[in-house]
1. Over the chain, one equal point on each Cα, no solvent: what is log10 I(q)/I(0) by the Debye formula at q = 0.07, 0.08, 0.17 Å⁻¹?
2. Any idea what the dipole of the chain comes to, in debye rounded to 20, about its Cα centre with Lys/Arg Cβ at +1 and Asp/Glu Cβ at -1?
3. When DSSP assigns beta bridges and you keep just the ones with both residues in the chain, what percent turn out antiparallel, to the nearest 5?
4. Using only C-alpha atoms and all pairs of different ones, pull out the Kirkwood radius for the range 84-208 in Å with one decimal.
5. Percent relative contact order of the range 26-228, based on C-alpha pairs within less than 8 angstrom and at least six residues apart?
6. Pairs to check: K141/K181; K42/K181; K22/K144. Give those whose C-alpha atoms are more than 26 Å from each other in this structure.
7. Per residue of the chain, what 222 nm ellipticity follows from adding -39500 (n - 2.57) for every DSSP H run with n ≥ 4, rounded to the nearest 500?
8. Cα centroids of the range 101-134 and the range 23-43: how far apart, whole angstrom?
Amino acid sequence: MMADQDSTDPGYLRSYGRRRGKKLRPGRERLMAELLPKIAVKPGVPLTDQFPSNIRELWLEIGFGGGEHLAAQAGGHPDVGIVGCEPFVNGVAKLLTQIDALGLDNVRIHADDARDIFPDIPDGALDKVFLLFPDPWPKAKHHKRRLVQAPFLDDMARLLKDGGEFLFASDHMGYVRWVLKRLIDHPDFDWMAESPADWRDPPDDWTRTRYQQKALAGDVIVYLRFRRRPRGR
């Protein structure tokens, strides 16, 4: 996944995940060459200006893997613009096949670290952010590489609108505890859980990710939802 350091550190945008796996099939190579440039996030252009005029909300999925969840959300919410960020080329190519097959026009892709497009997102522009099964970096010496750190949460607080939602899912209980503590301690977020079912059960519109489909996830998955507090509170 992606390392996290102070945003003033030159290594802040360093990504530790794999960039490429097996050689792409010809059809996916074609989509990478022809479709991706058409729907790639345009540097320096506000994300709010990169979607059709009928888009009512803007969502972001960070590290979309094979894109199953993102494609399902885009298909189920045609009036929502969804930006997906993923540095793994094979995952990007798989999402492109789904976009092409479903004829989705409300998806934009950044095939790299999500944080390098944060400057192009206006304050309060995002209605929802998904971070699903990120690499937990379980060894203590690698905890600095975990995505959820103070600078990242400060970015989320800036980018999410008042009442906007941040959804985190993981099967690694050490990372779940890490995230829960940092979000509860952060002054701009409220944990939305009211009962155990709220973190044990997935959202109603949940679509299993490739990670889950391949049975790589553990028996227990935790879904944490946080709401951005009103500014000036």
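Any read-out appearing in this document is the output of simple, stated calculations on the displayed coordinates, not a laboratory observation. Since the structure is predicted, the reported quantities are computational estimates derived from the model, not experimental observations. Every residue, glycine as well, gets a Cβ built from its backbone with ideal geometry; the counts of neighbours run over all protein chains shown.
1. After summing over all Cα pairs, the log10 values are -0.21, -0.27, -1.41.
2. Numbers: 36 positive and 34 negative charges, 197 e Å.
The calculated dipole for the chain is roughly 940 debye.
3. 30 percent
4. Details: mean 1/r = 0.0614 Å⁻¹.
Taking every pair of different Cα atoms in the range 84-208, averaging 1/r and inverting gives 16.3 Å.
5. 21 percent
6. Correct reply: K42/K181; K22/K144.
7. Roughly -8000 deg cm²/dmol at 222 nm, from the helical runs in the chain.
8. One Cα centre to the other: 17 Å.
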